[in-house]
Amino acid sequence: MPSRRKAACVAATVLMLSARALSAQEPSIHHDHEMADGAAMEEMSADSMGAGKHLRLTPHWVEQPGDRDRADSLVRVARAALAKYTDVGVAERDGYRMFAPKVKRLRVYHYSNHLNALKARWVFDAAKPSALLYQPQLGGGVRLIGAMYTAPPNTSLEELNERIPLSIAQWHQHTSLCLPPGADRHGGSGDMSPAIRDPRFGARGTITTEAECNAAGGKFKRRMFGWMVHVNVFEGEDQVWQHRH
């Protein structure tokens, strides 16, 4: 019995240290609150934010033999695995939670899955996205349109290409962001409405340096999240790989 207790203690210690190491490596994938305001920022930035100011995009690679087949296979797998989540209640029962529930009138709502996002650090699974994408409907309710996949921020272009061909999809990161006063250090749980009212803050904000952000009383994030990509698997074929940043 003592040996079993010792083994259990060792296992618990390893788990604790591993969790700490993971958090230190990339907290952005690990914190639902941070990803929540990321969804809100994506919505605020969808119309006018250009790459380079607050956004880093992967380049479009020349299509190689097999790229289209790999991309089509991903879509087929995702459609089959995620069709049950047309009922958002089923998604919630399976661990998906709405990002930024206090932010209203978004064009797309993100429902994140903490466990899937954690696994996405190491492996890509088209059937288990880090988030589901829902579009609000005029008559109420939401419609499932696709999924968001993630990867750690230090993932190389070659590794991203192995997950989804860069000739087909374009991954993105949010960079040089100034969060408004009231947002916590992870960018979550605070009131993000100042980023909508004040043109200095958020993903469309005019502030691009830490000095400017500090002077405005905000919180500067050189890079807020890891890599992300939207795949609209339940939209028309011409929209599957479209995502306005």
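The table that follows gives values for the structure above.
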| item | result |
| --- | --- |
| Ratio Rg/Rh [Cα only; Rh per Kirkwood] for the stretch 203-245 | 1.23 |
| Taking only Cα atoms of the stretch 92-245, radius of gyration then Dmax in Å | 16.4, 47 |
| Virtual spin-label span in nm between Leu115 and Asp238, 7 Å along Cα→Cβ | 4.0 nm |
| Cα-based Rg of the stretch 101-163 normalised by 2.2 N^0.38 Å, two decimals | 1.31 |
| ³J(HN,Hα) computed for each position of the stretch 208-220 - Karplus, 6.51 cos²θ - 1.76 cosθ + 1.60, integer Hz, glycine/proline x | 10, 10, 5, 4, 4, 5, 4, 5, 8, x, x, 10, 8 |
| When the stretch 57-174 is reduced to its Cα atoms, the Kirkwood hydrodynamic radius in Å | 15.3 Å |
| Packing-based order for 139-150, 99-110, using average beta carbon neighbours within 10 Å, highest first | 139-150, 99-110 |
| Accessible area of the stretch 72-154 belonging to carbon and sulfur atoms, whole % at 1.4 Å probe | 55 percent |
| Two-site FRET efficiency, Glu159 against Lys53, from Cβ-Cβ distance with R₀ of 22 Å, rounded to 0.05 | 0.30 |
| Mean accessible surface per residue for the stretch 51-130, computed with a 1.4 Å probe while every protein chain stays in place, in Å² | 59 Å² |
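The values are calculated or read from the model by the stated rules, or taken from the named source; none is laboratory data. Being a predicted model, the structure only gives us computed values, none of them experimental. Ideal geometry is used to build each Cβ from the backbone, glycine not excepted, and the neighbour counts take in all protein chains shown. Only protein heavy atoms, including side chains, enter the accessible area calculation; ligands, DNA and RNA are left aside. Shrake-Rupley method; radii C 1.70, N 1.55, O 1.52, S 1.80 Å.
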